[in-house]
Amino acid sequence: MRRGDVVLVADRGGGDYAGKPRPAVVIQSDLYDQTLSVVVCPVTSVPKDAGLLRVPLLPSDSLALRAPSWVMVDKLTSIRRDRVGGVIGRISDDEAVALNRSLAVFLGFA
């Protein structure tokens, strides 16, 4: 599991955004791959006009999404690695740039 991978997550504890299995983008640095948790941004297929808070993702050969979807930048969360399922794909370089920019603005780094 690497930064930019799209994984399936499920918070069986009934968390706000990952109570049901859903895709999420790994945003944590690869340098911290031995931690017990991983930081992700959940993905939704429900459109919402939220500007930089939603980064579009399109299904592709390298990303097995069922429909056009959006990364929910404002919902980033840590989840235990044992709650992370398999990797279902990887975001494109252009999607990674858009996500990094949105995260920088949202977190006040830009």
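The values are calculated or read from the model by the stated rules, or taken from the named source; none is laboratory data. Note that this is a predicted model, so its numbers are computed, not measured. Here the Cβ is made from the backbone with ideal geometry for all residues, glycine too, and neighbour counts use every protein chain on show.
What to note about this one:
- Scope segment 59-108; condition touching a helix residue (DSSP H, G or I) at 6+ places or on another chain (Cβ under 8 Å) and either surrounded by fewer than 18 Cβ atoms within 10 Å (Cβ to Cβ) or among the polar types (S, T, N, Q) (or both); matching residues: ASP74, ARG101, SER102, VAL105, PHE106
- One residue stands out among those in segment 65-96 that are free of Cβ contacts under 8 Å to residues at least 40 places away in the same chain and acidic (Asp, Glu): the one that is nearest to LYS20 (Cα to Cα), which is ASP82.
- Among the residues of segment 35-55, those that are of a type in the set (Val, Ile, Thr) and in contact with a helix residue (DSSP H, G or I) (Cβ under 6 Å, 6 or more places away or on another chain) comprise VAL38, VAL55.
- Condition met for ALA50 (of a type outside the set (Lys, Arg), within 14 Å of the chain's Cα centre (by Cα) and surrounded by 11 or more Cβ atoms within 10 Å (Cβ to Cβ)): no
- Sub-7 Å Cβ pairs linking a first residue in segment 42-64 that is closer than 20 Å to VAL105 by Cβ to a second residue that is modelled with pLDDT under 95 and aromatic (Phe, Trp, Tyr), at least 6 apart or interchain, are PRO42/TYR17, ordered by first then second residue.
- Here ASP11 meets each of (1) at pLDDT 95 or above; (2) acidic (Asp, Glu); (3) touching a helix residue (DSSP H, G or I) at 6+ places or on another chain (Cβ under 8 Å); (4) buried (at least 16 other Cβ atoms within 10 Å of the Cβ) with one exception, condition (1).
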